[in-house]
Structure formats: C-alpha cells, structure tokens
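S.K.: Sharing a structure below in structure tokens format, with a few things to ask.
The values are calculated or read from the model by the stated rules, or taken from the named source; none is laboratory data. These figures come from a predicted structure and were not determined experimentally. Every residue, glycine among them, receives a Cβ derived from its backbone with ideal geometry; neighbour counts consider all protein chains shown. SASA here: full protein model, heavy atoms, side chains in, ligands and nucleic acids out. Shrake-Rupley method; radii C 1.70, N 1.55, O 1.52, S 1.80 Å.
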Amino acid sequence: MSTQLEHLIDFDGVPIETIHAIFETTEVMAQVLERPVKRVPALQGFTVATLFFEDSTRTRLSFERAARAQSADVMTFARGGSSASKGESLRDTVATLDALHVDAYVVRHPAAGVPRQMAQWTKARIVNAGDGRRAPPTQALLDAYTYRQATGRAFEDTRLVIIGDVAHSRVARSNASLWHALGAEVVLCGPPTLVPPALAALPGVRIETQLDVAMEGAHAVMALRIQRERLTSARLASLAAYTAQYQVNEERLAGAAEDVVVMHPGPLNRDVEIDGALADGPRSLITKQVANGVPVRMAVLYHLLVGKGSR
Ligand code: CP
C-alpha cells in the first residue's frame, strides 16, 4: 500500500498504515536532528509556504524548521503585513502564491473548511495547521508520537483523558479521532457548558463532566487551553470557578494510573487549566511535545512531497 499523502486536512480517509508510516519516518527524522549537521536534501527544489491567518508560535516555526531541515525553500505569509489586509481574497492570495511555485501550503485559518477549499484551488499539497474548531492533525500526530515514545505503552491499553475547553478545541477533536484510530479509549471532560454532548457521537469517545470520575485509570491526561478570547460568560462564569473544579494538578491525578503522564498542546495558561509546577515536573511531556513537532512535521512534509516531483 502507498503511504504517500495527497493532503493532510484531517484524519478522514487516512489509512492507519499511513499514520504508522509517518511515525516510522519521524524516527528517522529525529535521528537527523541529532546529527551535527541537522539537514538532509530530501525536499531540495520544493517550496513550502506557511499561511497563517491566526497567531502561532509552535506550529508555524516548527513547520518552517521541518521544511528547512530537508532543504526546502520556505515562504512565510501572515495576514498582518500582507495584501490580505488590503482586501485581497484568499483565492487570489493562493493564486498569487501558486504563481511563485509553491509545492505545499501549511494553512491556519479561523474558518472551518478553508484548507479543504484551498485544495480545490491549487495543485499544491495542503496541510491543515488548524481550521476553526475542526482539526490540526499534526498536533495530534506529535501528541500521540510523544506519548508512545515516552511511555512505550500500547495505545490499545491506554486511556486518554482530555480536560477543559473542549467546545472550542480543534486539538481535542483531532486527538480524539487519532487516538481512537490507534486503539486508545478517549474521555472528554470539562464543565457541561464546555463539553458539547454531541461530541459523544465521535467514535470511541466518552464524555464525563466529573473530573474525579474521568481521571479513574487515566494513562495520559491532556489539559486544554482555556480560550479566553473565545469564551463568553454564558460558557464560563469565572476562571476561578473553573480552576477550583477542573485545574489539572498533582492532587487531581490521585485516581489516575501511577505512571500517568501529563500533556498540553500549548500555549499554557499557567495555574489556570494546569498547575505550573506539574507542567514543569517529571510527569509532564510538554517540552517533548514541542520538540517532537519538528521531526513529525518533517515526516508529514516528506510523505506529502517526495515522489510527487517538482512542478
Ligand atoms: N499548539 C499550538 O498550536 O501552538 P501555537 O498556537 O503556538 O502554534
């Protein structure tokens, strides 16, 4: 079976063999990043453009590093400072960049569906770096890869608990989809106003609004950022009330597996959704998650572009 990707927009239609192939390639890329010269010629001649219509630190910089480490040319587009601020449409922006011979776009946009729409407009590969509340698939790939690397536990024996502002979280949706496909049990937890009951329809997902019940037997606990910029008082009466009931801290891990690990996609609201000392402590995989963003994204770009031939 070919494991080359057409695009990476979400996990719909992506065979599990391709996910495992990306993880295998990630291991090779991680070795490249251990060498004195952290560069291979795999993507020489290709151009990768990052198009971010929302802010980012980790995702954009790690994609750019991932492209350069494989000798691709990189073009950076951000809404501010571009002609989008003069009213140029997204379609015209893509046509303009296509004229500059872009081979792959990494796109983040506040509107769900934009990456799939872009795939209709261009022959280049599309990687979704976050669209509305839908998906950032490479975040889920690096989360799952980091968990497996750090614990060695089989996904089939794993219970992942995702806690927090699930309602606004594309990270929760992508991780639920991927970890279920890999064989894990997934529990979504948070106040009823932040965990839409409709998400129980996601395959393999259970919803639990009581934190101590959700924590029972957890092997991985993922705290989500409280998205203050998107929250209304109807969703969350006060941050203090949220923290008192749902903050992930050492005390709240009492019912979890003894060797439970703690994860967070970043950026953190320290001492809000996660205790700062826990985030910096030995159970935390947060720094490893960030570091693994580079080899995982190197692997994704490789699977998207190699074998396609430059245009
Ligand atoms: N996790 C994540 O998407 O972080 P950035 O917004 O910094 O890219």
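S.K.: Restricting to region 20-59, name every residue that is within 16 Å of the ligand (Cβ to nearest atom) and surrounded by fewer than 20 Cβ atoms within 10 Å (Cβ to Cβ).
M.R.: E54, D55, S56, T57, R58
S.K.: Within region 2-11, can one find any residue that is farther than 24 Å from S174 by Cα and either open to solvent by 80 Å² or more (accessible area, probe 1.4 Å) or outside any helix (DSSP H, G or I) (or both)?
M.R.: no
S.K.: Looking only at strands (runs of 3 or more DSSP E) that fall completely inside region 160-255, which ones have 1 or more residues that are within 16 Å of the ligand (Cβ to nearest atom) and not aromatic (F, W, Y)?
M.R.: 220-223
S.K.: A further question follows. Assess whether I126 counts as being under 30 Å from V306 (Cβ atoms) and either in contact (Cβ under 8 Å) with a residue 60 or more places away in the chain or within 17 Å of the chain's Cα centre (by Cα) (or both).
M.R.: Considered against the rule, which asks whether it is under 30 Å from V306 (Cβ atoms) and either in contact (Cβ under 8 Å) with a residue 60 or more places away in the chain or within 17 Å of the chain's Cα centre (by Cα) (or both), I126 comes out as yes.
S.K.: Right, next: Being of a type in the set (D, E) and either assigned to a loop (DSSP other than H, G, I, E, B) or more than 21 Å from the chain's Cα centre (by Cα) (or both) is the filter here; which residues of region 57-71 pass it?
M.R.: We begin by selecting, within region 57-71, every residue of a type in the set (D, E); these are 64.
Scanning region 57-71 gives no hits.
S.K.: Please state which of the following conditions Q120 fails to meet, knowing it meets all the rest: (1) within 13 Å of the ligand (Cβ to nearest atom); (2) under 21 Å from F46 (Cα atoms); (3) not hydrophobic (A, V, I, L, M, F, W, C).
M.R.: All conditions are met except number (1).
S.K.: Kindly list, by first and then second residue, each pair from a residue in region 294-309 that is open to solvent by 10 Å² or more (accessible area, probe 1.4 Å) to a residue that is at pLDDT below 95, limited to pairs with Cβ atoms under 7 Å and residues at least 6 apart or on different chains.
M.R.: Going by the 7 Å Cβ cut-off, the qualifying pairs are H303/T3; H303/Q4; H303/L5; G307/Q4.
S.K.: Output the number of residues of region 22-56 satisfying the condition of being hydrophobic (A, V, I, L, M, F, W, C), in contact with a strand residue (DSSP E or B) (Cβ under 8 Å, 6 or more places away or on another chain) and in a loop (DSSP other than H, G, I, E, B).
M.R.: Going through region 22-56 one residue at a time, the tally reaches 2.
S.K.: Can you tell which of T193, T146, T138, T158 is of a type outside the set (A, V, I, L, M, F, W, C), in contact (Cβ under 8 Å) with a residue 12 or more places away in the chain, buried (at least 20 other Cβ atoms within 10 Å of the Cβ) and farther than 23 Å from R58 by Cβ?
M.R.: After applying the criteria, what remains is T158.
S.K.: Oh, and also: If you go through region 72-108 one residue at a time, how many are open to solvent by 50 Å² or more (accessible area, probe 1.4 Å), within 16 Å of the ligand (Cβ to nearest atom) and part of a strand (DSSP E or B)?
M.R.: Residues meeting the conditions: 1.
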